[in-house]
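These notes are about the structure you will find just below.
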Amino acid sequence: MRRRELDILYVATRAVILFWLQPYISDLSLYQDYARKLIPGGQWPYVGFEFEYPPLAYPLMAAPAWLLDWFGFRDVESYRILFGLLLLPFDFLIYTSFRRRPPVRGAAFLYVMLTAILGLLLFDRFDLLVGFLVVWPFLAEREVGDKRMAFSWGLG
């Protein structure tokens, strides 16, 4: 598959997942609820309410909710789109790394197709960021990858 066709396939699958598929079963309403407990609720995770995720996941959940509240949007669909758009750069970095330096022939195509099968799970959970942090060191040159390893796996 040529590079331009692969890029079009990547953009098309991501646009369909973000803007066309409707959320059926998702944790996004829970993420949004967690964010609203701190602002304007004044409760802190682990202290004021039970928070079942690692501490660094909270800013990722809270940022889209706070931004949407600032603009006056409160629905889950708006939150879903903004949450997905915040995860999209990490997805794009993995895709471009596979396209530029594929570990196996056709790695970028396989990545696009296999993640497209995930559908809503790709952008309705923060697992994509955790996956990015695990894979990121392996997508760089050796000397850069060694430096990324401690940082990336520590966060992941």
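The values are calculated or read from the model by the stated rules, or taken from the named source; none is laboratory data. Keep in mind that this is a model prediction, so the values were computed, not measured. Glycine gets a Cβ as well: all are built from the backbone with ideal geometry, and neighbour counts include every protein chain shown.
From 90, 73, 49, grab the single residue that is among the aromatic types (Phe, Trp, Tyr), surrounded by 13 or more Cβ atoms within 10 Å (Cβ to Cβ) and within 23 Å of residue 133 (Cβ to Cβ).
Numbers: 73 fails: within 23 Å of residue 133 (Cβ to Cβ); 49 fails: within 23 Å of residue 133 (Cβ to Cβ).
Step by step, each of 90, 73, 49 is checked, and only 90 is among the aromatic types (Phe, Trp, Tyr), surrounded by 13 or more Cβ atoms within 10 Å (Cβ to Cβ) and within 23 Å of residue 133 (Cβ to Cβ).
One residue alone among 11, 76, 16 is at pLDDT below 85 and not polar (S, T, N, Q), and that residue is 76.
Which residues, counting only those in the range 121-148, are modelled with pLDDT of 75 or more and either among the small types (Gly, Ala, Ser) or assigned to a loop (DSSP other than H, G, I, E, B) (or both)? Of everything in the range 121-148, those that are modelled with pLDDT of 75 or more and either among the small types (Gly, Ala, Ser) or assigned to a loop (DSSP other than H, G, I, E, B) (or both) turn out to be 123, 124, 125, 126, 131. Look at the range 123-135: where a residue is farther than 15 Å from residue 63 by Cα and free of Cβ contacts under 8 Å to residues at least 60 places away in the same chain and a partner is assigned to a helix (DSSP H, G or I) and aromatic (Phe, Trp, Tyr), sitting 6+ places away or on another chain with Cβ atoms under 9 Å, you get 128/90; 131/90; 132/90; 133/90; 133/151; 133/153; 134/153.
So which of 109, 49, 71 ends up being touching a Ser or Thr at 6+ places or on another chain (Cβ under 9 Å) and over 19 Å from residue 127 (Cα atoms)? Steps first, answer last, please.
On the way: 109 fails: touching a Ser or Thr at 6+ places or on another chain (Cβ under 9 Å); 49 fails: touching a Ser or Thr at 6+ places or on another chain (Cβ under 9 Å).
Of 109, 49, 71, the one residue that is touching a Ser or Thr at 6+ places or on another chain (Cβ under 9 Å) and over 19 Å from residue 127 (Cα atoms) is 71.
Would you call residue 89 under 16 Å from residue 122 (Cα atoms) and free of Cβ contacts under 8 Å to residues at least 24 places away in the same chain? When the stated conditions are applied, residue 89 passes them. Within the range 3-55, which residues are under 17 Å from the mean Cα position of the chain (by Cα) and among the acidic types (Asp, Glu)? Scanning the range 3-55 gives a single hit, 27.
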